[in-house]
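Below you'll find the structure, written out as structure tokens, and then a few comments.
Read the figures in this text as sums done on the coordinates, not as results from a lab. No experiment lies behind these values; they were computed from the predicted model shown. As a convention, Cβ positions derive from the backbone with ideal geometry for all residues, glycine included, and neighbour counts pool all protein chains shown.
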Amino acid sequence: MRRGLCWGLMGFAMSVSGVNAQNYGGGFIELLMTGRDPTAFARPALPRSLYGPAPYARDPYGRARIAALPSAPYGEERGIGRIMDPKYRRQTVDYDGPQAAGTVVIDTPAKFLYLVQGGGKALRYGIGVGRPGFEWAGVKSVTMKREWPDWRPPAQMLKRRPDLPRHMVGGAGNPLGARALYLGSSLYRVHGTNEPHTIGQAVSSGCIRMLNDDVVDLYNRVKVGTKVVVI
């Protein structure tokens, strides 16, 4: 009797909704027929780009997001969703400065990095720079290059942010992004980022941030020993 009632209910629901075996219209009937909960969260495909693949974490609302440091509730990260000014896109520009071809020039106030090409030209990249109190200037050289570098926050940063991990392996969720160029014997680096919305802003602890595709482009053009002038 119970089995007949169940089949009768299913038959009635299918005849009213006109659905077929592949589409049960959601809700109780779909759950009854297929065992699938149509309200269950469907995880999107992992991104295949310079910002992925990466492990997914759940935000407080159950949605998937790629972790960024420092973490914040969904949608509250500073600047997320902002449209980057086109002037920060990689482009060839005129250059009449004193530096020789092959030199990297970082204009901190303007938030541009130049790779001098010679012939009065340079490649210009948009960057993120040190926030107030973390600006610096000087002449360094590239002493090391790393792909998808690991990150170990320095002691000064851990003192300010004891919640940070002591070590994070390289990958899309890593704050150093896809590539890193280490400057002299300092703690400063030119590196990628897992927060592309911060390009064009003063947000870092002194390192120079670039879009991941830009830092890969720069990484492939410069060698260890390259002169870096920070103004």
Checklist outcome for this item: The relative contact order of segment 86-230, taking Cα pairs under 8 Å that sit 6 or more residues apart, comes to a percentage of 29 percent
Item to check | Rounded to the nearest 20 debye, dipole of segment 86-230 from Cβ charges on Lys, Arg, Asp, Glu | outcome: 260 debye
Checklist entry - Under the Karplus relation 6.51 cos²θ - 1.76 cosθ + 1.60, θ = phi - 60°, what is the ordered set of whole-Hz ³J(HN,Hα) values for segment 168-179, x standing for Gly and Pro? => result 9, 5, x, x, 5, x, 7, x, 7, x, 7, 8
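Subtract the Cα-Cα distance of K121 and I231 from 0.36 nm times their separation in residues, and report this length gain in nm to one decimal.
Between K121 and I231, full extension yields 37.7 nm more.
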Checklist entry - So which of K111/K145; K121/K145; K87/K223; K111/K223; K145/K223 end up more than 19 Å apart by C-alpha? => result K111/K145; K121/K145; K87/K223; K111/K223
Checklist outcome for this item: Semi-axes in Å, largest first, for segment 86-230 (Cα gyration tensor, √(5λ)) are 25, 15, 15
Checklist outcome for this item: Charge dipole of segment 86-230 built from unit charges on the beta carbon (Lys, Arg +1; Asp, Glu -1), centred at mean Cα; most positive-end Cα among V142, G120, M168 is M168
Checklist entry - So what is Rg over Rh here for segment 174-220, counting just Cα atoms and using Kirkwood for Rh? => result 0.93
